[in-house]
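Right, one structure below, let's go through it.
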Amino acid sequence: APPRQTDTPGGRGDAPTLRERLLSHPHVVYGVARQPGLRKLLVWNPVLTEALSEAPSVLDALTAAPDAWHAAQTRETAEILARENVVHDLQDDPILRSSLSDIDHINVLRFWDGRLDVVRQFLAIAYQVKNLASMSSEFAAAVLSLKDPVDALWRLGSESGLASALLNRVLRKFPGTLGLYQKVLGDEKLKAVLRRYPEQLNVVFSSEQILDAVRAKPAVLDILKRSSNLTDVLEDIPEFALRLLSDERRITAAVNNPAVAVTLSYNPSHYHEVDDDQLVL
């Protein structure tokens, strides 16, 4: 449903000002008194006053939301909450309502553009998917771009290895791009290949370019699989990992020389100035 009409905070025009709206809805004023962070949402979108007045349970949830939740919100949150279907669904679903206003789901409304039909699904799926959905805007955008977002979420939920590796990269500050998530979620043949290399997934998901390299030539993962030590160190140096995995000769030379993994573990930038041709020696 389209957002409700908004007016400019403090403007006169035909629409009532926020002050006038609040005077007509004293219980919303009481909510603001209990949680000052709520006022920011009302300033951004004054028509929320009426929307929350008609949805007392949603008002209570926003009032009870922690300060950190309110501090993280933007004007986009206010626009999403003003959609009639969003307020209605939150009012009718206590589990969804409490989940979206807690500290673990600060960004969910914005990341998922108020798509509560999809949010309901990932809240019921494996924790890896739920955490990914709560922490990565790129993941959310990728899922929503697919023809059947709910099916994509459930399919990923059944792939604990893939989901865990994707989440691990986010937790280690290597967040995936929109393109990376779209390729993983939308390509069943690619997922079938990746299932064979659970120990190498943290390297593969370090960058979209690495994913493209192994997608084009999966044999490089068979080579990397022979060295767990090299696999471990490459997880944190995606630029160098890409150089090796882009060429079978380079990754073979690195795997066959145990000193490479040892050197990288002490000095990850050791080979940065070495030409690609020298890496095959």
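The values are calculated or read from the model by the stated rules, or taken from the named source; none is laboratory data. Since the structure is predicted, the reported quantities are computational estimates derived from the model, not experimental observations. Every residue, glycine as well, gets a Cβ built from its backbone with ideal geometry; the counts of neighbours run over all protein chains shown.
If you go through region 73-91, how many residues are surrounded by 15 or more Cβ atoms within 10 Å (Cβ to Cβ) and either among the aliphatic types (A, V, I, L, M) or touching a strand residue (DSSP E or B) at 6+ places or on another chain (Cβ under 9 Å) (or both)?
Count: 9.
Residues are listed down the side, and each one gets a yes or a no for (1) within 27 Å of Ile106 (Cβ to Cβ); (2) more than 16 Å from the chain's Cα centre (by Cα); (3) polar (S, T, N, Q):
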residue: Val129; (1), (2), (3): yes, no, no
residue: Leu146; (1), (2), (3): yes, no, no
residue: Thr177; (1), (2), (3): yes, no, yes
residue: Gln182; (1), (2), (3): yes, no, yes
residue: Gln200; (1), (2), (3): no, yes, yes
residue: Val203; (1), (2), (3): no, yes, no
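Given Phe122, Phe139, which one is in contact (Cβ under 8 Å) with a residue 40 or more places away in the chain and out of contact with any strand residue (DSSP E or B) (no Cβ under 7 Å at 6 or more places or on another chain)?
None of the other options fit; the residue is Phe139.
Given the residues Pro94, Pro56, which is the only one that is over 27 Å from Leu132 (Cα atoms) and either buried (at least 16 other Cβ atoms within 10 Å of the Cβ) or not assigned by TED's automatic domain parsing to the domain that holds Ala140 (or both)?
Pro56
Would you mind stating whether Ser134 is in a helix (DSSP H, G or I), within 20 Å of Leu81 (Cα to Cα) and hydroxyl-bearing (Ser, Thr, Tyr)?
yes
For region 168-182, enumerate the residues that are surrounded by 19 or more Cβ atoms within 10 Å (Cβ to Cβ) and at pLDDT 95 or above.
If the condition is that a residue be surrounded by 19 or more Cβ atoms within 10 Å (Cβ to Cβ) and at pLDDT 95 or above, then Leu180, Tyr181, Gln182 are the ones that fit.
Given the criteria surrounded by 16 or more Cβ atoms within 10 Å (Cβ to Cβ) and either over 19 Å from Leu185 (Cβ atoms) or among the charged types (D, E, K, R) (or both), does Glu159 qualify?
Answer is yes for this residue.
State all residues of region 44-90 that are free of Cβ contacts under 8 Å to residues at least 40 places away in the same chain and of a type in the set (Lys, Arg); if no residue qualifies, say none.
Arg75 - this is the single residue of region 44-90 that is free of Cβ contacts under 8 Å to residues at least 40 places away in the same chain and of a type in the set (Lys, Arg).
Just one of Leu144, Leu190, Leu185, Leu153 is crowded, with 21+ Cβ neighbours inside 10 Å, in a helix (DSSP H, G or I) and free of Cβ contacts under 8 Å to residues at least 40 places away in the same chain; which is it?
So the residue among Leu144, Leu190, Leu185, Leu153 that is crowded, with 21+ Cβ neighbours inside 10 Å, in a helix (DSSP H, G or I) and free of Cβ contacts under 8 Å to residues at least 40 places away in the same chain is Leu153.
Being hydrophobic (A, V, I, L, M, F, W, C) and closer than 16 Å to Leu221 by Cα: is that true of Ala259 here?
In short, no.
Quick check on my filter: what residues within region 97-106 are crowded, with 19+ Cβ neighbours inside 10 Å and outside any helix (DSSP H, G or I)?
Ser101, Ile106
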